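Colleague: Let me begin by handing over the structure; questions about it come next.
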Amino acid sequence: MRRTLLLAAALALAATSSAAAANRGLIQEGKTLFGRDCLSCHGANGSGVGPTSRTIGAGPLREQGVLKGLGPSLQGVGALAADFYLRTGYMPLQHVGLQPRRSRVQLSDRQIEALIAYVASLGKGPSIPTPQPQRGNLAQGLHLFTDHCAGCHQIAAEGGYVTGAVPPPLEDDSATQIAEAVRIGPYVMPRFTTKAISNRQLDSIIAYVQYAKHPDDRGGWALGHLGPVPEGLVTWFIAAAALVAVCMVIGKRLKAT
Amino acid sequence: MGREDAKGAAGVIRKLVRFLDQRSGTAPLLRKTLRYLFPDHWSFLLGEVALYAFVVLVATGTYLALFYTDSTHQVVYHGPYAPLRGQEMSQAYRSVVYISTTVKAGLLIRQTHHWAADVFIAAIVLHVLRIFFTGAYRKPREVTYWIGLSILVVALLEGYIGYSLVDDLLSGMGLAIGYGVALSIPFVGANLATLIWDGPFPGAQPFFGRMYIAHVFLIPALLAVLLTAHLGLVALNHHTQFKSTRRETDRKLVGVPLFPGQAPRSLGLFMAVCGVLFLLGGLAQINPIWLWGPYHTYSSTNGAQPDWYLGWLIGALRIMPGWDLVVDGYTLVPNPFWGGVLFPGIVFGFLASWPLVERRVTGDFGYHNVLDRPRDAPWRTAIGMGMLTWVVLIFFAGAADRVDVFFDISYTAQIWFYRGAIWIFPAIVGGIAYRVCIELQRGEVIERDRKQAEQEAAVAAAGSR
Amino acid sequence: MARPRDIVVAAALLAVGRRRPKLQGDREPIVPRGREQPRTELAVVALLLATGLFAAAFIAFYALDRLPNQTQLMGGALGLAFLCLAAALILVGKQLIVTEEIEEDYPVPEHETEQETIAQIVADSGSRITRKRLLKASFGVAGAALGTALVVPAASLGPVIDMNPFYATTWRRGRRLVDENGRPWRASDIEPDDFYTAFPEGADKENVSSPVVLVRLPVSELHLPAENAGYDADGIVAYSKICTHAGCAISLYRTPLFQPDEPKPALVCPCHYSTFDPADGGTVLFGPAGRKLPMLPITADASGFLRAKGTFDEAVGPSWWGVRMRKARPA
């Protein structure tokens, strides 16, 4: 009996230490990748590279030379932020100084995991969230989305504009990425903590966003759920064009005199 | 009258006509009406397209009115559409959700009604463009033209009120803006706005009832009167014509009689308008108000736009710099006035005064029944194209935010571009239009001379043999 | 007694049989005769049958419950029915009916004799009247007065003279800030980089002076103008949520994650993108708004709940002629 217990303890210890060793290996891999792709803007140990002579909040710096090597500290952002920025392709930043955009992810899955592990090791931060949209309430989701999100992202999550930025459409976002973005507040998006939007409320919001990807389009061709602008295009380029064509079939055309 | 011809269809018609004539004496009028002449050109049918769209509007609108509730009384939704369940909304909004989700054929008729409104105004705009660029507004048709412009203004208002009756998030925001524009009228704006809304925004209980009565009764009645006057004057003056052969002159009309020639064509056009509108009504979703949710004064969404025919106004409101004209504490001109009132005022003022201005400047006070082709009046075409460019550019400015989202062109940069372009481009386009007209005219003169020379050569060749 | 065979024969005759229409007696035709188009006739018949089929399909689609895409099927059927009928009529018009081109005189420009006669009739009719101008003036006065009297009840439609409601607000000193469900906001609820909507406790939420937007900025970043000094509650600022341009709700808050590289915090309106600076008393940074955003002075009470210290520093909502002439009035 004692021998079984000792054996079990030894195995557990071995497993943990091998997991820890594997983790240390992953973190080391991540550190190497970090040095290659992220160090120039996020600094050694992810401590951030800030401007030395400008006051905070003075607005965007637009000169390329100054921007090289300007990025926030990553200490304490946790796996949550790293997972979001890497899996959406927001980082590495395509154009320094402009809004991060969803782009093709050029890192492999393993490389992403390595980087996430490294960033998570830089300080205690939130882990990758596990939202449960199937437990959310769709009606509550629409209500919360209207209150907190529709002003920027449009009521059907088709994206929009705010002075100086383009809140993107949400159709490509997974449930996890939505949860992450809500907690981070990337670029100029507000940051909603669990006090402002609880996890249960977030489930409802994500349920609504998922619904908005294929909402009830019982009226027919949805025209992108954008409202009167595409409706006007259809009015002129389909309806008016067709009716003018009918008129030209019925009536005479002027011949050259 | 012999009964020997009473066989067959001809007999039935004869009996019917006899019945009518004996009881009303209208056989001469009927004969004149049947043989009323329509000069033939496809662009003369655009007004008819608008008329038939109006008929569809009245028919579908009557159906909708039988289901709509014009009350802002707040209720909680417990219907079949899940994302709205448990939400607070007005009875008006709920009745339209009900029409869209529960009433059989309700959504089809609602969407047909909305598409018909969009197409109605598009057809009127095309029709006005044809009238302007062919000089059809000249004596004796100025009054017809002014009535037509009134129909356009009333139609814009009717459409705006119509989609605002739904009390959804998008149209509610639009109503707030309408209120802001009304407020911005110097001296009387606030008084006028509170008169219409029965108090400050969002208005007291009677306001939705007012919009409803205006939309289903007052304005349609007004439109019916204006349309009758418009069509009556067209009939009394007879339709204008192009000079396509030597026969057409200012004194002689050449056309197709109403019966038998024009009737099937017009009826066919009517059926085509109905067909296009019902196809769109069933196949293309328009104003899916269940997706937008109900309106509250404290709610808004990104990307809210008015229906297309008010897009020129949102463009003007957006590109206008933030100038409130304040004189000694008195806000003489609040900002929305420039884009929301002055701009459309200038456009309609230009259109309405144009017949008088043109004849004063050209000195042409005569009667005209023959139309100009655009190239025959280069100044008119150039100025008209310039004004059109001005309005269209401002219209495009209203969608600059969508352009930024789709094409990644900075919104603020676009606004600055439009602020300059709306003054420069009209002059350029007007200049180009003028040159094109002149060149086309010159080309025709050369062509005519060439044909004449060929004829003379052929005659000379035949004579010398 | 019609047997099936007879019906088939009759239908076939109907389809195939043709009869040239008879002339009415020996008279000259008023409408000229035109060429026959037998193939077009069949095409028109086919189109009319198609119309009937589509119309019947519409009725069927309408009657069937729980049909998926019912709106599309009904619209498609009805639309196609109309289009087939349109095609049939247009074919009739172009090929089965003679399109005459007739000449006619336009109506005369004017009838000068009649105009003269009318003018004279009216002039002659006044032969018994000696005080024409006085009578005309009296009728004018009567008409104008009566007309005005008939129009006056329109003033009941709304408050026309009394402008006080424009300055009235639902806020007053001591009123608590609550959320949409009536739950009071605590200062500790308001976190940085987020925005919140608040209403006066117990007031009508739809009143334009009710909704305010709350944001928390670092106190070091606040540079409120002198007239708004002390309006914040330790960095929490409250502004009217109703845009001063045309009245939409300001539901956009731009807040940078990494300030050296990103635009500074701003409240933005989605209608025409008027942009306001919450750190500066609500001044306009961009857009067509002509007036800054009204600011509500707030404070945290002893229990930590947020309360208004008074009402807004200026009138709320879109500008009108008197918006700058008086201050906002508390509830």
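Any read-out appearing in this document is the output of simple, stated calculations on the displayed coordinates, not a laboratory observation. Just so you know, these numbers come straight off a predicted model, no measurement behind them. Note: ideal-geometry Cβ built from the backbone for every residue, glycine included; neighbour counts use all protein chains shown.
Colleague: Report Rg (one decimal) and Dmax (nearest whole number) for the protein assembly as shown, counting Cα atoms only, units Å.
Modeller: 35.7, 138
Colleague: Another one. Which shape class, rounded, prolate or oblate, goes with region C:177-251 when its Cα gyration tensor gives a ≥ b ≥ c as root eigenvalues, a/c under 1.5 marks rounded, and past that a/b bigger than b/c marks prolate?
Modeller: oblate
Colleague: Whole-Hz ³J(HN,Hα) for each residue in region B:315-329, computed from phi via Karplus 6.51 cos²θ - 1.76 cosθ + 1.60 with θ = phi - 60°, x for glycine and proline: what do you get?
Modeller: x, 5, 4, 7, 7, 5, x, x, 9, 9, 8, 10, 10, 6, x
Colleague: Quick one: 3J(HN,Hα) in Hz for region B:296-307, Karplus 6.51/-1.76/1.60 with θ = phi - 60°, rounded, Gly and Pro as x.
Modeller: My calculation for region B:296-307 gives 9, 5, 9, 10, 7, 10, 6, x, 6, 9, x, 4 Hz in order.
Colleague: Average projected area of the Cα convex hull of region B:1-136, in nm²?
Modeller: Projected over every direction and averaged, the Cα hull of region B:1-136 covers 15.1 nm².
Colleague: Sorted from largest down, give the three principal axis spans of the alpha carbons of region C:2-157, whole angstrom values.
Modeller: For region C:2-157, the Cα extents along the three principal axes come out at 91, 62, 32 Å.
Colleague: Right, next: I need the calculated FRET efficiency for the pair C:Asp204 and C:Lys136, taking r as the beta carbon distance and R₀ as 35 Å, to the nearest 0.05.
Modeller: It comes out at approximately 0.05.
Colleague: Moving on to the next point. Treating each Cα of region C:260-331 as an identical point scatterer and ignoring solvent, apply the Debye formula and state log10 I(q)/I(0) at q = 0.21, 0.28 Å⁻¹.
Modeller: Cα-only, vacuum Debye calculation for region C:260-331: -1.00, -1.25.
Colleague: Compute for chain C: radius of gyration divided by Kirkwood radius, i.e. Rg/Rh, restricted to C-alpha atoms, rounded to two decimals.
Modeller: Result: Rg/Rh = 1.32.
Colleague: Let me ask something additional. Rank A:Ala181, A:Ala22, A:Ala44 by mean-square fluctuation in a GNM of chain A with C-alpha springs under 10 angstrom and give only the top-ranked residue.
Modeller: Highest fluctuation of the listed residues: A:Ala22.
Colleague: Let me ask something else. Loop-only check: which chymotrypsin sites (Phe, Trp or Tyr not before Pro) in region B:127-192 are DSSP coil with at most 12 other Cβ within 10 angstrom?
Modeller: Qualifying residues, ordered by number: B:Phe187.
Colleague: Which net charge results for the neighbourhood of C:Ala308, defined as the other residues with beta-carbon distances under 11 angstrom from its beta-carbon, given Lys and Arg at +1 and Asp and Glu at -1?
Modeller: Net of charged neighbours comes to +4.
Colleague: How many angstrom separate the Cα center of region B:397-428 from the Cα center of region B:168-229?
Modeller: So the separation of the two Cα centres works out to 31 Å.
Colleague: So what's the back-of-envelope 222 nm ellipticity for chain B, counting only DSSP H runs of four-plus at -39500 (n - 2.57) apiece and dividing by all residues, rounded to 500?
Modeller: Helices in chain B give a 222 nm mean residue ellipticity of -21500 deg cm²/dmol.
Colleague: Could you tell me which residue out of B:Val96, B:Val347, B:Val119 lies farthest along the dipole of chain B toward its positive end? Charges go on the beta carbon: Lys and Arg +1, Asp and Glu -1, centred on the Cα centre.
Modeller: Ranked along the dipole, the leading option is B:Val119.
Colleague: What FRET efficiency would be calculated for the residue pair A:Ala12, A:Arg110, taking the C-beta separation as r and a Förster radius of 22 Å, to the nearest 0.05?
Modeller: 0.25
Colleague: Can you tell which of A:His214, A:Gly160, A:Ser174 lies farthest toward the positive end of the dipole of region A:129-215, using +1 and -1 charges on the Cβ of basic and acidic side chains (Lys, Arg; Asp, Glu)?
Modeller: Of A:His214, A:Gly160, A:Ser174, it is A:Ser174.
Colleague: Taking a cut-off of 22 Å between Cα atoms, list the lysines near A:Lys31, but don't count ones fewer than 8 places away on the same chain.
Modeller: A:Lys68, A:Lys124
Colleague: Give the average over all directions of the projected area of the C-alpha convex hull of region C:81-182, one decimal, in nm².
Modeller: Approximately 22.2 nm², given one-decimal rounding.
Colleague: Over all alpha-carbon pairs in region B:145-209, figure out the percentage whose distance exceeds 14 Å.
Modeller: 64
Colleague: If you don't mind, there's one more thing I want to ask. As an exercise, use a Förster radius of 35 Å and the Cβ-Cβ distance of B:Trp379 and C:Glu114 to find the FRET efficiency, rounded to the nearest 0.05.
Modeller: Efficiency at R0 = 35 Å is approximately 0.40.
Colleague: Would you kindly compute the Cα radius of gyration of region B:384-424 and its largest Cα-Cα separation (Dmax), both in Å?
Modeller: 10.7, 33
Colleague: Counting only other chains, and only Cβ atoms inside 10 Å, what mean value do you get across the residues of B:194-203?
Modeller: That average works out to 6.
Colleague: Within 10 Å of each residue's Cβ, count the other Cβ atoms and sort C:His223, C:His272, B:His215, B:His368 from fewest upward.
Modeller: Ascending number of Cβ neighbours within 10 Å: C:His223, B:His368, B:His215, C:His272.
Colleague: Here is a follow-up. Out of C:Ala300, C:Ala328, C:Val284, whose Cα points farthest toward the positive end of the dipole of region C:165-330 (charges: +1 Lys, Arg; -1 Asp, Glu; placed on Cβ)?
Modeller: Ranked along the dipole, the leading option is C:Ala328.
Colleague: While we're here: Please give me the summed charge of the neighbours of C:Tyr167: other residues whose Cβ is under 12 Å from its Cβ, Lys and Arg +1, Asp and Glu -1.
Modeller: Cβ neighbours under 12 Å give a net charge of +2.
Colleague: Per residue of region B:20-37, what does 6.51 cos²θ - 1.76 cosθ + 1.60 with θ = phi - 60° give for ³J(HN,Hα)? Whole Hz please, x for Gly and Pro, Karplus curve as stated.
Modeller: 4, 5, 5, 9, 9, x, 9, 4, x, 5, 5, 5, 4, 5, 4, 9, 4, 9
Colleague: Oh, and also: Divide, for region A:129-215, the radius of gyration over alpha carbons by 2.2 N^0.38 Å, where N is the residue count.
Modeller: 0.97
Colleague: Another question, then. Largest first and in whole Å, give the semi-axes of chain A's equivalent ellipsoid, each being the square root of 5 times a Cα gyration tensor eigenvalue.
Modeller: Output for chain A: semi-axes of 47, 26, 18 Å.
Colleague: On to the next question. With each pseudo-label sitting 7 Å past Cα toward Cβ, what's the B:Ser353-C:Arg27 distance in nm, one decimal?
Modeller: Placing both labels 7 Å along Cα→Cβ, they lie 5.6 nm apart.
Colleague: A further question follows. What dipole magnitude, in Debye to the nearest 20, does region C:115-227 give about its Cα centre under +1 on Lys/Arg Cβ and -1 on Asp/Glu Cβ?
Modeller: 1120
Colleague: For chain C, set up a Gaussian network in which alpha carbons nearer than 10 Å are linked by springs, and say which option among C:Pro153, C:Pro32, C:Pro211 fluctuates the most.
Modeller: Of the options given, C:Pro32 has the highest mean-square fluctuation.
Colleague: Pull up the cross-link candidates among the lysines for B:Lys32, meaning alpha carbon to alpha carbon under 23 Å and not fewer than 8 places away within one chain.
Modeller: List returned: B:Lys15, B:Lys252, C:Lys94.
Colleague: Let me ask another. What average count of beta carbons from other chains do you get within 10 Å of the Cβ of residues in B:22-31?
Modeller: That works out to 0 on average.
Colleague: Just to be sure I understand: if I project the alpha-carbon convex hull of chain B onto a plane and average over all orientations, what area do I get in nm²?
Modeller: Its Cα hull, projected and averaged over all orientations, spans 34.3 nm².
Colleague: Report, to one decimal in Å, the Kirkwood hydrodynamic radius for region B:231-376 based on all distinct Cα pairs.
Modeller: For region B:231-376, the Kirkwood estimate is 21.6 Å.
Colleague: Using square roots of five times the C-alpha gyration tensor eigenvalues, list the equivalent-ellipsoid semi-axes of region B:91-237 in whole Å, biggest first.
Modeller: They are 31, 22, 13 Å, listed largest first.
Colleague: What length, rounded to one decimal in nm, is gained on full extension from C:Arg173 through to C:Arg3, with 0.36 nm per residue of separation minus their alpha-carbon distance?
Modeller: 51.8 nm
Colleague: For region B:14-51 and region C:212-261, compute the distance between their C-alpha centroids and round to whole Å.
Modeller: If you average the Cα positions of each part, the centres end up 68 Å apart.
Colleague: Please report the net charge: other residues with Cβ closer than 14 Å to the Cβ of B:Gly386, K and R +1, D and E -1.
Modeller: Residues close to B:Gly386 contribute a combined charge of +2.
Colleague: To the nearest 20 Debye, how big is the dipole of chain B about its Cα centre, given +1 on the beta carbon of each Lys and Arg and -1 on that of each Asp and Glu?
Modeller: Rounded to the nearest 20 debye, it is 2080 debye.
Colleague: Now a separate question. Could you give the Stokes-Einstein D for region C:180-309 in µm² per second, using the C-alpha Kirkwood radius, 20 °C, 1.002 mPa s?
Modeller: 144
Colleague: Determine the relative contact order of chain B: mean sequence separation of Cα pairs under 8 Å and six or more apart, normalised by residue count, in whole percent.
Modeller: It comes to 20 percent, rounded to a whole number.
Colleague: While we're looking at this one, here's another question. From Cα pairs below 8 angstrom and at least 6 apart in sequence, can you work out the relative contact order of chain A, rounded to a whole percent?
Modeller: The normalised contact order for chain A reaches 16 percent.
Colleague: Remind me, relative contact order of region C:255-311 in percent, using alpha carbon pairs under 8 angstrom and six or more residues apart?
Modeller: In percent, rounded to a whole number, it is 18.
Colleague: Please list, by residue number, everything in region A:110-153 whose backbone N is under 16 Å from a paramagnetic label point 7 Å out along Cα→Cβ of A:Asn199.
Modeller: Answer for this model: A:125-137.
Colleague: Something else about it: From the Cα gyration tensor of region B:376-465, with a ≥ b ≥ c the square roots of its eigenvalues, which class applies: rounded if a/c is under 1.5, or else prolate if a/b is larger than b/c, or else oblate?
Modeller: Since a/c reaches 1.5 and a/b is larger than b/c, the shape of region B:376-465 is classed as prolate.
Colleague: How shielded is C:214-224 by partner chains, expressed as the average number of their Cβ atoms within 10 Å of its Cβ atoms?
Modeller: Across the residues of C:214-224, the mean count of other-chain Cβ atoms within 10 Å is 1.
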